[in-house]
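> Please read through the structure below; I'll follow up with questions.
The values are calculated or read from the model by the stated rules, or taken from the named source; none is laboratory data. Here the structure is a predicted model, which means the values were calculated and not measured. Please note: Cβ atoms are built from the backbone with ideal geometry, for glycine as well, and neighbour counts cover all protein chains shown. Calculation scope for accessible area: heavy atoms of the full protein, side chains included, ligands and nucleic acids excluded. Shrake-Rupley method; radii C 1.70, N 1.55, O 1.52, S 1.80 Å.
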Amino acid sequence: MKEEIAQGFIRLAALNLKGRPAAADLAAVAEVWVGLLRQRNAVWDAERDRARIQAAFTQIALSSSEWPNPRDLIHHLPPLPEQRKLKHKHPPTASGKAALARIQQIINQALHDAPMVQTDWIHGHRSRTADECKRIYAARQHKKGQHDEPTD
């Protein structure tokens with residue numbers, strides 16, 4: 001990235017744009033640009049981004065009459081190339097679907113039989129089975145129903 005920014009600066013300096021830094025300051029300005037761009041995008045891929053940075057500097061050179069800011073470079077960067085997607089070459093077979101269904105059945109059974117953990121007990125955690133929790137819940141709902149009924 002440093003190399004591409006330096007090359008872009010050389011091209012822009014040759015255009016003598018308004019607000020151009022002094023030749024002695026170009027290296028320091030380039031370092032600031034590199035630091036800011038790295039903060040914005042920590043992952044720069046030289047192979048992928050070299051052409052993008054060159055294209056951005058070309059667009060800046062074609063469209064600017066003043067010395068650009070890092071924001072201008074970011075604005076002119078072409079979008080990242082679309083990543084190739086894997087194609088589904090092999091549709092699932094009947095045996096594969098059956099194996100997946102069996103695995104799902106094993107997982108569902110394990111989850112059904114797993115104890116539930118109550119974390120709001122005063123005396124620490126207490127594990128309960130799903131059936132215990134259902135019975136307790138049903139009893140509480142039944143109790144609530146009794147309190148809601150009007151008394152004569």
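> Considering the options P92, S65, A6, tell which one lies farthest towards the positive end of the dipole of the chain, charges being +1 on Lys and Arg and -1 on Asp and Glu at the Cβ, about the Cα centre.
P92
> While we're on this one: Loop-only check: which GluC sites (Glu not before Pro) in region 1-92 are DSSP coil with at most 13 other Cβ within 10 angstrom?
Values: sites: E3, E4, E31, E47, E66, E82; in loops: E82.
Of the GluC sites (Glu not before Pro), the ones in loops of region 1-92 whose Cβ has at most 13 other Cβ atoms within 10 Å are E82.
> I want to check the label-to-label distance for A94 and Q54. Put each point 7 Å from Cα in the C-beta direction and report it in nm to one decimal.
5.7
> So for the pair I103, K143, with labels modelled 7 Å out along Cα→Cβ, what separation do we get in nm?
4.4
> For the chain, which whole percent of the accessible surface, found with a 1.4 angstrom probe, sits on carbon and sulfur atoms?
Values: 6900 of 12400 Å².
Result for the chain: 56 percent of the exposed heavy-atom area is carbon or sulfur.
> Taking the square root of 5 times each eigenvalue of the Cα gyration tensor, what semi-axes in Å does the equivalent ellipsoid of region 11-53 have, largest first? Please list the in-between numbers first.
Details: eigenvalues 109, 37, 12 Å².
Value: 23, 14, 8 Å, ordered largest first.
> Separate question: How far is helix 46-63 tilted, in degrees, relative to the longest principal axis of the Cα atoms in the chain, given as a value from 0 to 90 rounded to the nearest 10?
60
> Roughly how many Å² is the accessible area per residue of the chain, as a whole number, for a 1.4 Å probe?
Numbers: 12400 Å² over 152 residues.
Solvent-accessible surface per residue comes out at 82 Å².
> Would you count, across the chain, every pair of lysines whose alpha carbons are under 24 angstrom apart, provided the pair is eight or more residues apart or spans two chains? Write out the running numbers ahead of the final one.
Details: K2/K18; K85/K97; K87/K97; K89/K97; K134/K143; K134/K144.
Summing the qualifying lysine pairs gives 6.
> Determine which residues of region 6-49 fall in the zone a paramagnetic label at A61 would reach in this model, i.e. backbone nitrogen under 14 Å from the point 7 Å along Cα→Cβ.
Answer for region 6-49: 6-17.
> Under the 0.36 nm per residue contour assumption, what length would be gained going from the current alpha-carbon distance of L26 and L86 to full extension?
On the way: separation 60, 0.36 × 60 = 21.60 nm, distance 4.44 nm.
Fully extending the segment from L26 to L86 adds 17.2 nm.
> Give, in nm to one decimal, the length gained when the segment between R38 and K134 is fully stretched (0.36 nm per residue of separation minus the Cα-Cα distance). Can you show the working numbers first?
Working: separation 96, 0.36 × 96 = 34.56 nm, distance 5.56 nm.
Working it through step by step, the gained length comes to 29.0 nm.
> To the nearest 10 degrees, how steep is helix 26-40 against the longest Cα principal axis of the chain, on a 0 to 90 scale?
The angle comes out near 10 degrees.
> A further question follows. Give the dimensionless ratio obtained when the Cα radius of gyration of the chain is divided by 2.2 N^0.38 Å. Mind dumping the intermediate values first?
Numbers: Rg = 33.1 Å, N = 152, 2.2 N^0.38 = 14.8 Å.
This ratio for the chain stands at 2.23.
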